[in-house]
Each structure stands twice: as structure tokens, then as C-alpha cells.
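S.K.: Sending over a structure as C-alpha cells; questions will come in a sec.
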Amino acid sequence: MNREEILVEVSHLKKYFASRPGFFRKRQTVVKAVDDVSFQIHRGETLGLVGESGCGKTTVGRTIIRLYPATAGKIVYAGLDITNFTEKQMFPLRKKIQMIFQDPYASLNARMTVGDIIGEPLDIHGIAAGRQRKEMIMELLNKVGLSPEHASRYPHEFSGGQRQRIGIARAMAVEPEFIICDEPLSALDVSIQAQVVNLLEDLQSKLGLTYLFIAHDLSMVKHISNRIGVMYLGKLVELASSNDLYQNPLHPYTRALLSAIPVPDPDTADQKQRIILEGDVPSPINPPEGCRFRTRCRHARTGCGESTPEMKEVEPGHFVACYLAHDGYSG
Amino acid sequence: MEKLPVFGISPDKFKPLPAGIKETIKSTRQGETYWQDARRRLKQNKLAMLGLYTIIFIILLAIFGPVFSPYSYSDQFLDKQGLGPCKEFWFGTDTLGRDLFVRVLYGARISLAVGFVASLINLTVGVIYGGIAGLAGGKVDNIMMRIVDIFYSIPLILYVILLMVLIGPGLKSIFIALGLVYWMDMARIVRAQVLSLKEQEFVMAARVLGADSKRILFRHLIPNCIGPIIITISMNIPMAIFTEAFLSFLGLGVAVPMASWGVLASDALPAIRSYPHILFFPAMAISITMLAFNFLGDGLRDALDPRLRK
Ligand SMILES: Nc1ncnc2c1ncn2[C@@H]1O[C@H](COP(=O)(O)OP(=O)(O)OP(=O)(O)O)[C@@H](O)[C@H]1O
Ligand SMILES: [Mg+2]
């Protein structure tokens, strides 16, 4: 497999949500959920996307899969510019791009049996009917570690982890090549998280899938991702291979996130200094001028407020958007 | 460390299960379904169950009662006018000597037909209209709901009078008038439900799979509105029945010799001093039916929508 082949290319993607002016609020407010984000995903790799709650990770995923129309920017999938595709044009691509959702309780229709949930993609795309459909459902259930007799049950009879498996089976039914995993673990117990991660990795190595793996803390994406992007307030601030990001985090925000991961060994834990972020995340309606992180950054200088730092490749394959890091923390 | 016996059972009585069995045990956890849960809650509600049984009883009476009655609703016994309740005529006779019991039963048929038509319109026009407005959202939704607002602001009585002029009095114009009015509550409720449901992840999942709007509406959204739909229907049926009785009472509805409860009550008025029982029985029928539907409706609302319970 050609690791270098670019499957998904997102350039200067913006997604603004406009709230309509209300009765009392005459001015329209705009939430800049995603503001000028660019990255590429290579075929067969897993790109992790991390950031605090509300920084726009879900919005990136949903805009790529065309659940939301993009405000600006370009989304290219396998050489096809899908940014302005109609629903009809998207239809064949619906078989190639799939999504696994954050909330295993809200992502399954409570009024449908598990068999019908998993069978729905087969019906929509006319993949199988009758006996063949039944067999495929059984096979899919098997693939995700559930048993065939589960097909006639309703979602509420299952635990969170089992439901997430049903969601995975539904996504797998169309045999996709690219799956956006939107925090598939965040609603699960730690013990179950490992099972689901293993299942996803298993499927990836067997089927050569490409993942965009969204999570809100770094510890979870570390071993599933080849590369990791860090988001803050609608912007990508650092992008590097997982090892580089761990060994040599360059953005002050990434450093803070990494320092928050608990270390099992008490000796190293003592040495490690926790960087505690002060203040709250500013509102995406009114983000700070210049670098968005500067209001919480210990290294902020006067220049940080003047213009927004661009993503720059400071080391091969290691991009960061921070003036300090661009200067090598010298100034 | 020595293992302690648990509740007096020694630890060697416990054997590890083979791995396969463990998974099956975990997965056979059988929760109560939404419907089982709702049924249990409804059964606990005595008034609602009383209402339900009463409604079933009224339906059976309306269907089979007249068949077994020796009289028809228009048979006159000129020598037995204004009789009080007796063995021969359970509810007595009216001023024209007709058996009141069989006439009240016929009235039940009309009332139930009215309720049936109202719920049919609710289910079809109301649910689909509201569903489409909610799913489409934006401008379409805005226009569709403003249309509802306009219809809503016109009083029912105006429709009825217009229809009287156009078609003439009778069951048909009542049905049409009800049809014009009794879908709007449902449309509003379904629309509100759909608006919030369509942001949920299972709908997103369906869209990501390539489902079209029709599939999303009929497979995903409407089935998830069933609770509010049933509640709205159970509240609208008695309202429709009462409206028919009221209109007929005013002389704008069913015409004689057909016997709707409203007509019966209105017929009784001129002779109310001498024969009060002629008013009493249809009024009782209306009241009991209203109460039964309202009890059931309240019970259904509590049973189907756990958030509304105190
Ligand atoms: N449909 C929407 N309409 C308006 N604003 C929205 C919408 N969806 C998201 N937002 C806003 O956009 C911002 C980013 O939201 P998003 O859901 O992408 O964050 P997230 O990183 O996925 O967070 P979480 O970790 O909590 O899932 C938030 O401020 C949110 O309020
Ligand atoms: Mg999210």
C-alpha cells in the first residue's frame, strides 16, 4: 500500500455557524467553529485529532462528510473536489466514507432492531436483499464481536460498548475505505475503550482502512494514530507524527495537554511538571485577535496579538502555528 | 492471604465460567422496552384503565347495541310519548315516542365515527405536514407554519357555516369542517419533535449512509414521535366528539331523524320541564365519553412521556 497517497485533503476549511438575530439581539452572531484548517490524510493511516471540548473537532468531521456545508475552503477526496457536491453526487461516495459517532445512545434509532440498523445501508445502496441480506447482517455482527441472535433485539438491550460495536457494524456494512471516528470512546468505560480500540485497529489492518480519529485527550489517540493534529478554538495549532508530538511537543498548548496525562510511574511523575492552563477557553464567537491561545499562554509576547501565526513546517513533517516555536523559543 | 467464605459459602464452590458463556450472559440483559414500560405505567393508573375499559364498552355498545335492540332509531310509538325509564324502554321514550336508548346508541356511532375521522386526519395530514415542515426547516418550515397559523386563527364555526351554505347540513360537512381543523395541533407537535430529533446522531448516521428525506422521515423521525402522536390523538378525539355534539346542538350538524348526542340534547330542550330525562341521557353519554377519553389521555401522557410525570 502506498503510504504517501493522499486520500483526503482539507485546505483552508472554514465552518461558521450563524445564529439568526433574535427579537432582543438585533446583531447576528457568528460562531467560528472551524476557522481555516488544513491537513491531509494518507491512505491507510490514522490521523488523530485532539482538542478540548468545543474546539470544533466534530464540526471538522461533519463538514468533511458533508453533513454541514463548508463556509469556505476545499475538501478533496481521492482527487475529487467534493466541497460543493450535491446529495446526489455524494451518494456513491456514501459507500466510501463512513462515520462512527460520539454517543452510542443517540446514534442508534431506538425504534429499529439491531438487524434493521445494520441492514439499512444494505437497503439504501441495494447491496443485498432477502437471505443474502440476513447472512450479511450475521457476518457483520460476527465481525464486531456480537452474536447472530442479537439481530432481533433493540438497542436499549445493549451496553454502551456493545452499542458502539453495532455502530461500527453499520458503518462497515458498505465496506468503506475512510471512516471518521468522532470520539467513539468518550462515552465508554476505560476497560471497554481498549476493546473498541482493538476492534478498530483489527478492522484497519484487515481491510486497509483510513481513519480520522477524533478524541479529546491525547493519551487515547497516541497508540492508534500515526499522526496527530491538535486543535484549539477552531484552528489547527500543531500537526506531527505521534512520536514527534510526544517526544517534542512545540506548541505551548500541546505541552499543556501532554502534561495533563497522568503518568503511572511515580518517579517520573514527580519530575514532570504539570502545566495548568489558566482561565477558560475564550468564546468562538469572539476569539482573541492574533494567536488564539495567547490569552492562556505563558509565553505570550506582544507580537502574538498582532497577527495569526501560520502553520509552518519547523521540522520535517512537524507543523506548528506558534511564533515562539517558529523562532525556536529563543526570543 | 486466606480466602474468606462469602456469605457462608466457601470459595471452592465457585468455578470460573468458560469465556464464551460470560459474553452470552452479559448480552442477554433484557431491559424493559419502551412499550413494556409504558404499558406497566398505564396499568398502574386506575383512572386511565377505567377510561380505557369505558371506551371499549362504549365502542362495543355502539357497534352491537342497535343490532340487538328491538327498535330502530326512527320507530315511533305514538301511544308511548315521553315515557320515563322502564323495563320496555330502558332510557324511556322521547316526545315523539321513539326509544331513547337505541337513539343514544346511534349517537355513540356518530360520535365514534367523528372521533375516528379526527384521528385519521391527525395521523395522515397532521403527522406528514408537521414532519415535512420540521425536516425541511428554514424557509419552507416558516411558510408551512405560517399557513397553519392562518388556518388556526379562523374559528371553526365560520368553516361550519360556510360549509352549511355550500353543502348543506349533515355529517359530511361536519367531517369536512373537522378535517380542516383537526390536523393543526398534530402538525405543530410533530414539527417541534422533528426539529429536535433531526439533530440527533442516529439521523446524522442515516444521512451519512445516503438515506433520502423520505426514508429519514418515515423510518427514523416519525417512529420516534409515536409517544407525542398518541398523546395528541387521545386528546383530540374527545375534542372532536364534543365539537360535533356542540354543533349538532346548535343545529349546525347532523339533521333529524339521525340521532347524534348533540341533536338528542337539543331536541330535549323544548320539553325539558315535563320530560327532563330526555336531556339527561344524551348529556350523560357525552359526559361519560369525555371523561373516559380525558382520563385515558392523561394516563397515556404520563405513561408515554416519563419526563412529564411529577
Ligand atoms: N449546529 C451548530 N449550530 C451552531 N453552533 C454549533 C453547531 N455545532 C457546533 N457548534 C459550535 O461550534 C463549536 C464547535 O463545536 P464542536 O461540536 O465541533 O466541538 P467538539 O470539538 O466536537 O467538542 P466536543 O469535544 O464537546 O464534542 C462550539 O462552540 C459549538 O457550540
Ligand atoms: Mg464533538
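Any read-out appearing in this document is the output of simple, stated calculations on the displayed coordinates, not a laboratory observation. All of these numbers come straight from a predicted model, not from anything done at the bench. So basically every Cβ, Gly included, is an ideal-geometry build from the backbone, and we count neighbours across all protein chains shown.
S.K.: Roughly what % of DSSP beta bridges within the protein assembly as shown run antiparallel, to the nearest 5? All intermediate terms of the calculation are to be shown ahead of the outcome.
M.R.: Details: 31 of 49 bridges.
If I count the DSSP bridges inside the protein assembly as shown, around 65 percent turn out antiparallel.
S.K.: Once you have the Cα-Cα distance between A:Glu52 and A:Glu5, take 0.36 nm times their residue separation minus that, and quote the gain in nm to one decimal. Mind showing how you got there, number by number?
M.R.: Details: separation 47, 0.36 × 47 = 16.92 nm, distance 3.00 nm.
Here the answer is 13.9 nm.
S.K.: Between B:Lys80 and A:Glu315, how many nm apart are label points set 7 Å from Cα along the C-beta direction?
M.R.: Placing both labels 7 Å beyond Cα along the Cβ direction yields 10.6 nm.
S.K.: Which residue fluctuates most in the GNM of chain A (Cα springs below 10 Å): A:Val237, A:Val34, A:Val174?
M.R.: Sorting by GNM fluctuation, first place goes to A:Val174.
S.K.: Only four residue types carry charge here, +1 at the Cβ of Lys and Arg and -1 at the Cβ of Asp and Glu. Report the dipole size of the protein assembly as shown about the Cα centre in Debye, rounded to the nearest 20.
M.R.: 980
S.K.: Which trypsin sites (Lys or Arg not before Pro) does the stretch A:27-85 hold that lie in a coil by DSSP with at most 16 other beta carbons within 10 Å?
M.R.: Sites meeting the loop and neighbour criteria: A:Arg27.
S.K.: So, in Å, what gap is there between the alpha-carbon centers of the stretch B:57-85 and the stretch A:55-119?
M.R.: 65
S.K.: Any of A:Lys134/A:Lys206; A:Lys14/A:Lys96; A:Lys57/A:Lys143; A:Lys96/A:Lys235; A:Lys14/A:Lys57 with alpha carbons more than 20 Å apart? Name them for me.
M.R.: A:Lys134/A:Lys206; A:Lys14/A:Lys96; A:Lys57/A:Lys143; A:Lys96/A:Lys235
S.K.: Moving on to the next point. What net charge do the residues around B:Val203 carry, taking every other residue with its C-beta under 11 Å from that of B:Val203, with Lys and Arg at +1 and Asp and Glu at -1? Intermediate results must be reported in sequence, preceding the final value.
M.R.: Numbers: positive: B:Lys198, B:Arg207, B:Arg215, B:Arg219; negative: B:Glu199, B:Glu201.
Computed value for this residue: +2.
S.K.: With axes computed from alpha carbons, what is the tilt in degrees of helix B:46-68 against the longest principal axis of chain B, rounded to the nearest 10 within 0 to 90?
M.R.: The angle comes out near 50 degrees.
S.K.: If you place +1 on the Cβ of every Lys and Arg, -1 on the Cβ of every Asp and Glu, and leave all else neutral, what size is the dipole of chain B about its Cα centre, to the nearest 20 Debye?
M.R.: Charge dipole of chain B: 1060 debye, to the nearest 20.
S.K.: Could you tell me which of A:Phe39, A:Gly51, A:Pro92 has its Cα farthest along the dipole of the stretch A:25-95 towards the positive end, charges placed at Cβ (Lys, Arg +1; Asp, Glu -1), taken about the Cα centre?
M.R.: Result: A:Pro92, furthest along the dipole toward the positive end.
S.K.: Kindly identify the stretch A:1-139 as rounded, prolate or oblate by the Cα gyration tensor criterion: order the square roots of the eigenvalues as a ≥ b ≥ c, call it rounded if a/c is under 1.5, otherwise compare a/b with b/c, prolate if a/b is larger, else oblate. Mind showing how you got there, number by number?
M.R.: Values: a/c = 2.07, a/b = 1.39, b/c = 1.49.
Oblate shape, in that a/c is at least 1.5 and b/c is the bigger or equal ratio.
S.K.: Measure out, as a whole number of angstrom, how far apart the alpha-carbon centroids of the stretch B:229-258 and the stretch A:219-264 sit.
M.R.: 67
S.K.: Taking the Cα centre as origin and putting +1 on Lys and Arg beta-carbons and -1 on Asp and Glu beta-carbons, what dipole magnitude results for chain A, to the nearest 20 debye?
M.R.: Approximately 1140 debye in magnitude.
S.K.: At what distance in nm do the modelled label points of B:Ser196 and B:Trp90 sit from each other, each positioned 7 Å from its Cα along Cα→Cβ?
M.R.: 4.5
S.K.: Hey, another quick one. How large is ³J(HN,Hα), in whole Hz, for each residue of the stretch B:83-88 in order, when computed from phi with the Karplus curve 6.51 cos²θ - 1.76 cosθ + 1.60 and θ = phi - 60°, using x for Gly and Pro?
M.R.: Coupling constants for the stretch B:83-88: 5, x, x, 8, 5, 6 Hz.
S.K.: Next question, about the same structure. Find, among the trypsin sites (Lys or Arg not before Pro) in the stretch A:214-245, those assigned to loop by DSSP (not H, G, I, E, B) with at most 14 other beta-carbon atoms within 10 angstrom.
M.R.: Passing both the DSSP loop test and the Cβ count: no residue.
S.K.: What's the exposure ranking of A:His150, A:His318, A:His12, going from fewest to most Cβ atoms within 10 Å? Spell out each step's value before the answer.
M.R.: Working: A:His150 22, A:His318 19, A:His12 12.
Starting with the residue having the fewest Cβ neighbours, the order is A:His12, A:His318, A:His150.
S.K.: Any chance you could give the angle, 0 to 90 degrees and rounded to 10, that helix B:100-121 forms with the longest Cα principal axis of chain B?
M.R.: Approximately 50 degrees, to the nearest 10.
S.K.: Ok, one more. If you stretched the chain out fully between A:Ser152 and A:Glu87, how much longer would it get, using 0.36 nm times the residue separation minus the C-alpha to C-alpha distance?
M.R.: Once the chain is fully extended between A:Ser152 and A:Glu87, it gains 20.3 nm.
S.K.: Give the angle, between 0 and 90 degrees and rounded to the nearest 10, that separates the Cα long axis of helix B:171-181 from the longest principal axis of the Cα atoms of chain B.
M.R.: Relative to chain B, helix B:171-181 is tipped by roughly 40 degrees.
S.K.: At 0.36 nm per residue, minus the direct Cα-Cα distance, what do A:Glu175 and A:Thr302 gain on full extension? Give it in nm, one decimal, please. Write down the numbers at each step before the final one.
M.R.: Details: separation 127, 0.36 × 127 = 45.72 nm, distance 5.14 nm.
Roughly 40.6 nm would be gained on extension.
S.K.: Could you tell me the center-to-center distance, by alpha carbons, between the stretch B:260-310 and the stretch B:118-148 in angstrom?
M.R.: 30
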